[in-house]
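Quick notes on the structure that follows.
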Amino acid sequence: MSRPRINLENYAEVYNYYKGYRPTPVASWTLHAALGAVFAPQVAYAPGAKKQIADLLHNHKSVVLAANHTKAIDPCLIAALPVRQHAFRPLIGNTFIPSKKSIFKNPLVRRAVDGLGAVPVFRQKDTELEQDTSSNLPRASLTAFVKTSVARLIDRQNMAIYPVGARKKGDDTKCHELPDGIDLMVGRVSRVPEPPVYPLGGLSG
């Protein structure tokens, strides 16, 4: 299946594509390794957390990483994490990351972010229809996105997400409070044990 155009009116085709899309192992390893070399994120673990995460991931259990979003390079740091931290190594090629649709505009950039597991999200402020309250497209696209996310979690994929959406300033050494709504996807994974949600504070490069 060819890559669909990323726009709101085309949301059904977009999520049908990303529900089954998986990057090739070579592409994923190459891209993650390149970002790991550039950003080299440093991680401090809560007591026992490193072993617990490693045990889950290396035994093919899905997890949801809910990260702080305080700076523009945060997505690069998340993508660089698996090659720098052995506990997170199974994330490579086996993780999807909800991402704003603007990063998919450039064809070369799109191939790169696809290889890193990006899945487009149609935020209301990104759409031309945000002032059109009569349109049900934004709500329908959100429903399709949630269904796609649930399908990939059920398929033993992992998810990395910024639950608060836009960047939010704060203490990078502390995890932001998780907002209502993250359970919308996690709680619907009924055919397998619900994946644990691991909060991540700010990563430093």
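The values are calculated or read from the model by the stated rules, or taken from the named source; none is laboratory data. These numbers were taken from a predicted model, which means no experiment stands behind them. We place every Cβ from the backbone using ideal geometry, glycine too, and count neighbours over all the protein chains shown. The protein model used for the area step is the full one, side chains on, heavy atoms only, and it has no ligands, DNA or RNA in it. Shrake-Rupley method; radii C 1.70, N 1.55, O 1.52, S 1.80 Å.
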Evaluate the stretch 10-27: report whether one residue or more is on the phi > 0 side of the Ramachandran plot and out of contact with any strand residue (DSSP E or B) (no Cβ under 6 Å at 6 or more places or on another chain).
no
For Ile97, are the conditions met, namely being closer than 20 Å to Val186 by Cβ, aliphatic (A, V, I, L, M), at pLDDT 90 or above and open to solvent by 10 Å² or more (accessible area, probe 1.4 Å)?
yes
If you go through the stretch 93-112 one residue at a time, do you hit one that is without any contact (Cβ under 8 Å) to a residue 12 or more places away in the chain and of a type in the set (A, V, I, L, M)?
yes
Set Leu137, Leu116: member being at pLDDT 90 or above and either over 14 Å from Tyr11 (Cα atoms) or surrounded by 13 or more Cβ atoms within 10 Å (Cβ to Cβ) (or both):
Leu116
Residues in the stretch 40-78 that are within 17 Å of Ile154 (Cα to Cα) and among the aliphatic types (A, V, I, L, M) total 5
How many residues are open to solvent by 20 Å² or more (accessible area, probe 1.4 Å) and touching a helix residue (DSSP H, G or I) at 6+ places or on another chain (Cβ under 7 Å) if we restrict to the stretch 74-85?
3
Cβ-Cβ distance below 6 Å, separation of 6 or more or different chains: which pairs start in the stretch 9-21 with a residue that is under 16 Å from Arg110 (Cα atoms) and of a type outside the set (Val, Ile, Thr) and end on one that is open to solvent by 50 Å² or more (accessible area, probe 1.4 Å) and in a loop (DSSP other than H, G, I, E, B)?
Tyr17/Met1
Filter the stretch 1-24 down to residues that are β-branched (Val, Ile, Thr) and outside any helix (DSSP H, G or I) and give me whichever is nearest to Phe96 (Cα to Cα).
Thr24
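From the set of residues in the stretch 100-109 that are under 17 Å from Ile73 (Cα atoms), more than 11 Å from the chain's Cα centre (by Cα) and not hydrophobic (A, V, I, L, M, F, W, C), which is surrounded by the fewest Cβ atoms within 10 Å (Cβ to Cβ)?
Step by step, filter the stretch 100-109, then rank; the result is Ser102.
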